[in-house]
Every structure is written in structure tokens, then in C-alpha cells.
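The next block holds one structure in the form of C-alpha cells; read it before the comments.
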Amino acid sequence: EPQQSLLPSSLTTTEPVELATFFEPSAAIGGDYFDLLKLDDGRIVVVIADVSGHGLSAGLRMAMLKAALVMLVEQQLPAQEIFSRLNGLVREGQGNVGSRPLVTATLATFDPRGGTLELTNAGHVPTYILSRGKVQEILLPSPPLGMLGDRYAHCEVTLKPGDLVVWLSDGLIETADRDGEPFGFDQVERT
């Protein structure tokens, strides 16, 4: 599958961190993307992104975004700068205003040495942290990439051993049951 080839094939790390993923696309080619990158200084970067739309154009935009994002992350630029540059890239490639693509994204940088997790968000769904049986929903309202403005919400949290961090795309939240009811944010938190 073309989209699968753009996703990380191995999630192994030498750090005391366990990683797991689940990816089930709703279309043969779509705009969902996630990646895991390890920096030379030992930090781990997790990226979740969703290009609006489906089909070949969304898949191509996602591939372009991945290439640029990996290059910017490897330069160890601050997350705000990475999103600002990606925003310019998405806006340049928009062409027709009527067919304006948008990209939601979350960039998380985890330092296993101190447990620090930095989160920066561009219009993406919340990040969830499960710590000692309690769920914390981290809302970081910001515009998606491709919109005017380039101020992206940011926060820093310290994880403790045993904490679980969950990143999603909007696909799970929007998935409807047999009665047409979406799974929704409340159900995500309960689950």
C-alpha cells in the first residue's frame, strides 16, 4: 500500500519507552501520517498529522509534508519554527483558494532522561495522558497549517514511569456506530 510505505516500519528504541501504533485507513490513499524520529541527543520526536481530503492529492501532500518535516526535525529546530515553515509550504502549494488543503498536526518531543514531554499543536485533536488511573486531556487550540497566522499552542509536561500518552487522528472520533452516532471525545476519554 503506498500510504503504508510512508509510515515508520520499526518502532524500536533503546530507551525505557514502549511504543505501539494502530493504523487503519478509511481509504486506499489518504492524508493521515505519523512518524517517530530519534534525535542524536537521545530525544524522541512523535509526529501525528492529517492532510484534509482523501485520494491521490491528499497522499501526495502527505508525502511532501513528511519529507519536509523529517528534514526540519533532524535540524533540531524548535517546534514553533518547524510548524511555521510547514505552514508556508502548505500555503504555497494551495493554488485555488476553493480547494485549500489544511493540515492538522501535533509534534511531541520526549526526553527520556528527565521525562519531559513538549507538545506543540496545529489544529489537531487533543493528546491524552493516562497517569495513575486518571486521564488528562491536553487541549492546545491552534489553527491548522495552511491558515493565516503561525502561533501554535505549546505546553510541557513531565511524565512519570508508567504514564501512557495517546495520540489520535480525528478518524477515531468521527467513526460512527450503526445508529450514525460518532464515537466522540467523551468516549475516547472513557476508553
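General remarks:
- Sites GLU81 and THR116 - FRET efficiency at Förster radius 22 Å, r taken between beta-carbons, to 0.05: 0.70
- Charging the Cβ of each Asp and Glu at -1 and of each Lys and Arg at +1, and nothing else, the dipole of segment 41-170 about its Cα centre rounds to 120 debye.
- Accessible surface of ASP186 - all protein chains present, 1.4 Å probe, nearest 10 Å²: 110 Å²
- The figure for VAL90 is an accessible area of roughly 10 square angstrom, using a 1.4 Å probe on the protein chains alone.
- Nearest-10 value in Å² for the accessible area of ILE129, using the 1.4 Å probe: 10 Å²
The values are calculated or read from the model by the stated rules, or taken from the named source; none is laboratory data. This structure is a prediction, so every number in the text was calculated from the model and none was measured. Neighbour counts are summed over all protein chains in view; Cβ atoms, including those assigned to glycine, are modelled from backbone coordinates with ideal geometry. Keep in mind that these areas ignore ligands, DNA and RNA; they rest on the heavy atoms of the full protein, side chains included. Shrake-Rupley method; radii C 1.70, N 1.55, O 1.52, S 1.80 Å.
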